[in-house]
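Inspection log for the structure reproduced underneath, given as structure tokens.
The values are calculated or read from the model by the stated rules, or taken from the named source; none is laboratory data. Predicted, not measured: the structure shown is a model, and the values here were computed from it. Note that each Cβ is placed from the backbone with ideal geometry, even for glycine, and that neighbours are counted across all protein chains shown. Surface accessibility is based on the protein's heavy atoms, side chains included, excluding ligands, DNA and RNA. Shrake-Rupley method; radii C 1.70, N 1.55, O 1.52, S 1.80 Å.
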Amino acid sequence: MPWDSATLVPLPVMVPLFAAGLTLALHRYARVQRIISVTALAAALAASVGLLVAADGGPIVVEVGSWAVPVGIDLVADRISAVMLTVSFVMLLCVLLYSLGQGVPEGEDDPGTTRGDMIPVAIFHPTFLILAAGVANAFLTGDLFNLYVGFEILLASSAVLLTLGGTAERIRAGSVYIIVTLVSSTLFLSAIALIYGATGTVNMAQLAERLPEIDPTVRTALQLLLLLAFGIKAAIFPLSAWLPDSYPTAPAPVTAVFAGLLTKVGVYSILRTQTLLFPDNPTVDQVLMVLALLTMVIGILGAVAQNDVKRLLSFTLVSHIGYMIFGIALATEAGTAAAIYYVVHHISVQTALFLVVGLVEWRGGSTSLDRLGGLAKLAPGLAVLFFVPALNLAGIPPLSGFLGKVGLLTEGATVGTGLAWVLVVGSVVTSLLTLYAVVKAWNKAFWQAPSEEIESDVPLPRGMVLPTGALVAFGLLLTVVAGPLYGYAERAATASMDGHTYVDAVFPDGADRGRGESVVVGDDGDEAQGSAQGGGHG
């Protein structure tokens with residue numbers, strides 16, 4: 001394992017955490033906060049791109065604190081985690097730049113920025129960076145308990161971001177979000193305790209070898225408990241009712257981050273555990289197929305019924321989670337590859353749409369489709385910024401959304417079971433209804449005459465437009481590089497379905513697998529040898 005590749009692995013977690021401490025300490029210096037935050041996310045993105053290239057040669061493992069697994073915690077950068085990290089930090093950097101264009105530093109009086117939701121910058125920067133670190137930790141960890149820690153980091157930071165401004169509506173939405181997330185975290189922690197009791201470890205590589213040895217009924221119960229916890233976080237029906245009421249109340253950058261990332265961390269957790277820990281359980285796969293179908297259809301029916309563009313997009317977010325679960329539930333390499341590609345596509349497109357809606361609210365003063373209208377004439381560039389990712393979300397060829405859906409539909413038809421064919425039909429219907437919903441929103445907001453007069457001299461801040469345009473362009477880039485990206489996703493799926501690739505990277509010495517040894521320093525200052533026969537952390 002090249003030294004330089006290994007040193008990249010902790011950087012997406014450590015750099016944002018270190019920067020968060022700096023921005024908190026320098027909360028009185030808004031300009032310095034901006035520089036630190038942008039630099040930190042740019043550095044984390046550079047490290048993620050490096051991992052994207054390096055991980056294509058095989059997983060890169062770092063033992064935290066030099067404690068060998070399973071005594072200590074490991075960070076594992078493989079193809080799946082690397083591609084998720086890269087697209088996530090692209091999105092996080094664009095959203096940060098957007099927020100800087102929207103908000104003003106506390107204490108400054110700028111009458112030109114009184115429209116829309118202002119972001120209290122002093123607390124926003126450290127919280128946003130902690131959120132970024134939590135996301136990176138969740139993607140990189142090779143340990144179930146450390147994944148739980150990543151979720152708790154996300155809970156703490158997202159609760160603060162969701163309630164920025166302290167309005168009654170945001171406090172109510174934040175309270176619902178916290179309660180739901182705490183329930184999910186409690187279920188996850190309970191599952192971890194039961195898994196440790198049954199196997200003696202929480203290291204994922206070790207679990208991949210020990211879980212098949214326990215009673216199948218117990219193994220299925222543990223799998224379902226994990227799916228229940230992750231299903232809440234991923235907003236899978238019927239565990240998704242909290243999302244449309246929580247996300248639209250936050251400022252546009254916060255909503256965009258939540259839509260792009262938080263549910264995808266749940267989807268990633270399902271993908272990782274299903275392929276690595278529970279690879280062969282057809283009954284659970286069928287349950288996931290049913291849930292994927294219900295998530296797609298009920299979510300998009302909710303979107304069609306909405307007359308507020310933020311809520312409409314929130315329901316499409318729920319609906320398209322179903323596509324990702326569809327790919328995972330097929331339990332094939334091609335289905336998993338399509339799911340990975342679709343996750344990457346959806347992070348960029350859904351985030352871009354929420355940023356555009358923030359611009360729509362800035363320009364039109366509302367997100368209600370009854371109050372908007374005529375924006376295509378007043379702001380033609382804004383109309384294009386909405387139209388392109390909207391068509392991408394609906395899956396219009398040859399955009400990336402179309403390519404991801406074709407991969408899912410093709411594999412569903414190849415599997416050929418009755419339930420798979422029902423999902424193929426449901427996916428097509430959902431795609432058509434998505435097109436109807438976004439075209440309806442575009443027509444009402446941009447094309448038809450407004451029901452009330454909209455100010456004609458409201459300029460769109462360049463600092464908000466440029467990051468939005470960059471993210472829309474990134475979504476188009478995913479179409480241009482669809483061949484290499486899909487090939488990368490296929491290699492990621494092959495390695496994840498194999499399982500041995502991941503396990504052998506964490507435990508290269510197969511004979512000593514499960515017996516971690518680390519050099520520790522005793523009370524007398526002399527080096528002593530510590531070991532563990534099983535699980536736990538040093």
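Each of Thr23, Thr163, Thr39 has its accessible area taken with a 1.4 Å probe; listed largest first, they run Thr39, Thr163, Thr23. The calculated FRET efficiency for Ala43 paired with Arg462, based on their beta-carbon distance and R0 = 25 Å, is about 0.55. The alpha carbons of region 336-474 give a radius of gyration and a Dmax of 17.2, 57 Å, in that order. Compared with the direct C-alpha span, the chain from Gln286 to Leu194 gains 30.7 nm at full extension, assuming 0.36 nm per residue.
Explain nothing, just the number: relative contact order of region 131-181, from Cα pairs under 8 Å at least 6 residues apart, as a whole percent. All intermediate terms of the calculation are to be shown ahead of the outcome.
On the way: 33 pairs, mean separation 14.7, N = 51.
Over region 131-181, the number comes to 29 percent.
By how many nm would the segment from Thr414 to Ala305 grow when fully extended, if each residue of separation counts as 0.36 nm and the alpha-carbon distance is taken off? Using 0.36 nm per residue and subtracting the Cα-Cα distance, I get 35.9 nm. Magnitude of the charge dipole for the chain, about its Cα centre and with charges confined to Cβ atoms of Lys, Arg (+1) and Asp, Glu (-1), is about 1680 debye.
Solvent-accessible surface of the chain, taken per residue with a 1.4 Å probe and all protein chains present: 37 Å². The angle between the Cα long axis of helix 79-102 and the main principal axis of the chain comes to about 30°, on a 0 to 90 degree scale.
Measuring with a 1.4 angstrom probe and ignoring ligands and nucleic acids, Arg79 comes out at about 40 Å² accessible. Per atom type, the chain shows carbon and sulfur on 65% of its accessible surface, probed at 1.4 Å. Label positions at Ala449 and Ala241, each projected 7 Å from the Cα along the C-beta direction, are separated by 4.2 nm. Here the sum of -39500 (n - 2.57) over DSSP H runs of 4 or more residues, divided by the residues of the chain, equals -22500 deg cm²/dmol at 222 nm, to the nearest 500.
Taking every Cα-Cα distance in the chain and sorting them into 10 Å bins from zero, the calculated P(r) comes out as 4, 19, 30, 27, 14, 5, 1, 0, 0 percent. Computed from Cα positions, the angle between helix 418-442 and the longest principal axis of the chain comes to roughly 30 degrees. Distance between the pseudo-spin-label points of Val53 and Met14 (7 Å out from Cα toward the beta carbon): 2.1 nm. Quick one: Debye curve from the C-alpha atoms of region 1-56, no solvent, what's log10 I(q)/I(0) at q = 0.17, 0.18, 0.29 Å⁻¹? Each listed q corresponds, in turn, to -0.56, -0.60, -1.06.
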